[in-house]
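See below for the structure under consideration.
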Amino acid sequence: MANFSVAALLVLLTADRALAFAPPTSRPCRTLLLQQSTRAAPAETEVSAQSSSAPEAIPSYPLPQQPQDSSAVGERRKILKEPALWEYNFGLQDPGLTLPHGITPRVSAPEQYELTEDQIRTLEEDGVVHIKGVFDAEWVEYLRDATGHQVSNPHFWAFAGTASKLYDYIQRNIWQTNKAFADFYYHSAMGHVLAQCGRTDEVRVSTDLLMVNPNKGFKWHQDNQNGGPVLDHHGRDPAEYGAPVYLKGSHRNDAVDEAAVFVDIDAEGLEEYRDEWLEFRTMPGDMLVWHPRTIHKVDGPSDGIWTSYRRVLGGTVAKGGSMYHDKRGTGGVLSDLGRHGLEDGDKLSSSFFPIVYPNFDKKEAAARDDGSVGRDPRDIVSKIGGLAGKASGEKFSSFFKVLGSQAK
């Protein structure tokens, strides 16, 4: 894992039919719906809160293959079923997708997307910023297809997370196994956007997660395991649930331990943040970027049944000059199970943490393509074994509180 202080990112790309039950509101709060993001967006991408929710404003793209029919009127059925053990795949996967805009894989330079100074300051002050229209319809379709291929061909590294029932499908370090996502990092404007957000001249991917449908949601937490950005929620959220909610300015709090995952927003020290919520209804092609310590949540349907897709590519990026930090003994180790050879305090420079800005590295990309980059059984045993101690168990307990909260 990298030791850094940059943001988290979410790119919203597609969603469709949605039947839902609204979760109960547990406390009075001030919800700022799109207020911040409308202020920060460039004039040519501004969309009012009213038009953001209008169905006609959302492009219509074909859904990935649906393993289970969910169209029956009056009946709520999961759009994705849990894969059977024999359905999981191993090794590298390549959906064989054509990149948008005539991009040649491993040749073309990454695309760019200019932010305004106002957007960058919004991230620094509020701890989160909504950036509209970063990716066009071609990128939206590309990521939808990549995700559709992945859930139809589940990888073994998704087994533990999917079996936990946290998500209908969840896989860490998806770029290591699925070429389509690696190509997205190498060639899209993602790296340029994050470099501007972090005011840095270099961006490396530390870890990522492909997350499809968070069942009953993910309660108030900070991203100490992932650290930073979330990249792609290919989908419009249902009106009643699914929209990410943030405590404005909470990245500046000093009450929550940096090792904690689950956060009790009624705890002492969070008084100035707990009642000012920022809720975002993003559109296909938008990005949502936040600081890793910004406290946030996402609510799922009360019955845990998603009848539409909510697809998020989340993760962490490290700024230039970051050092490697061994998180053995904490929940963060789950995103660092590769045999990269880095020691605590080393400069973060490795094909296991690929550079995506100002340009991808062809040698790092080749190492990924030949299978040299990936999880190693020896490191899995040694690093996860470090969680067994009492002290580390206490640090890790916050993560299990999050797991437990899903059943409530």
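The values are calculated or read from the model by the stated rules, or taken from the named source; none is laboratory data. Small disclaimer: the values here were computed from a predicted structure and weren't measured. Methodologically, a virtual Cβ is constructed for each residue, glycine included, from the backbone with ideal geometry; neighbour enumeration extends over all protein chains shown. Only protein heavy atoms, including side chains, enter the accessible area calculation; ligands, DNA and RNA are left aside. Shrake-Rupley method; radii C 1.70, N 1.55, O 1.52, S 1.80 Å.
Odds and ends about this structure:
- Residues satisfying the stated conditions in region 200-223, i.e. open to solvent by less than 10 Å² (accessible area, probe 1.4 Å) and not polar (S, T, N, Q): VAL203, VAL205, ASP208, LEU210, VAL212, PRO214, GLY217
- Test: residue in region 71-92 that is of a type in the set (S, T, N, Q) and open to solvent by 30 Å² or more (accessible area, probe 1.4 Å): yes
- Checked against (1) in a loop (DSSP other than H, G, I, E, B); (2) under 22 Å from the mean Cα position of the chain (by Cα); (3) at pLDDT below 55, LYS408 passes all but a single condition, namely (2).
- Hits in region 258-301 - residues which are free of Cβ contacts under 8 Å to residues at least 40 places away in the same chain and acidic (Asp, Glu): GLU258, ASP266, GLU268, GLU271, GLU272
- Within region 278-328, considering residues that are out of contact with any Gly (no Cβ under 8 Å at 6 or more places or on another chain) and basic (Lys, Arg), the one modelled with the lowest pLDDT: LYS327
- Looking across region 86-110, the residues that are farther than 21 Å from GLN176 by Cα and out of contact with any Asp or Glu (no Cβ under 9 Å at 6 or more places or on another chain) come down to TRP86, GLY102.
- Residue ranges of helices (runs of 4 or more DSSP H) in region 148-221 with at least 2 members without any contact (Cβ under 8 Å) to a residue 12 or more places away in the chain: 159-163
Results for (1) under 17 Å from TRP157 (Cβ atoms); (2) surrounded by 21 or more Cβ atoms within 10 Å (Cβ to Cβ); (3) of a type outside the set (Ser, Thr, Tyr); (4) modelled with pLDDT of 50 or more, shown as yes or no for each residue.
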{"site": "GLY345", "(1), (2), (3), (4)": "no, no, yes, yes"}
{"site": "ILE355", "(1), (2), (3), (4)": "no, yes, yes, yes"}
{"site": "SER372", "(1), (2), (3), (4)": "yes, no, no, yes"}
{"site": "PHE400", "(1), (2), (3), (4)": "no, no, yes, no"}
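- Residue tally, condition outside any strand (DSSP E or B) and open to solvent by 40 Å² or more (accessible area, probe 1.4 Å), over region 259-290: 7
- Residues that are crowded, with 19+ Cβ neighbours inside 10 Å and in a loop (DSSP other than H, G, I, E, B), drawn from region 244-258: LYS248, ASN253, VAL256
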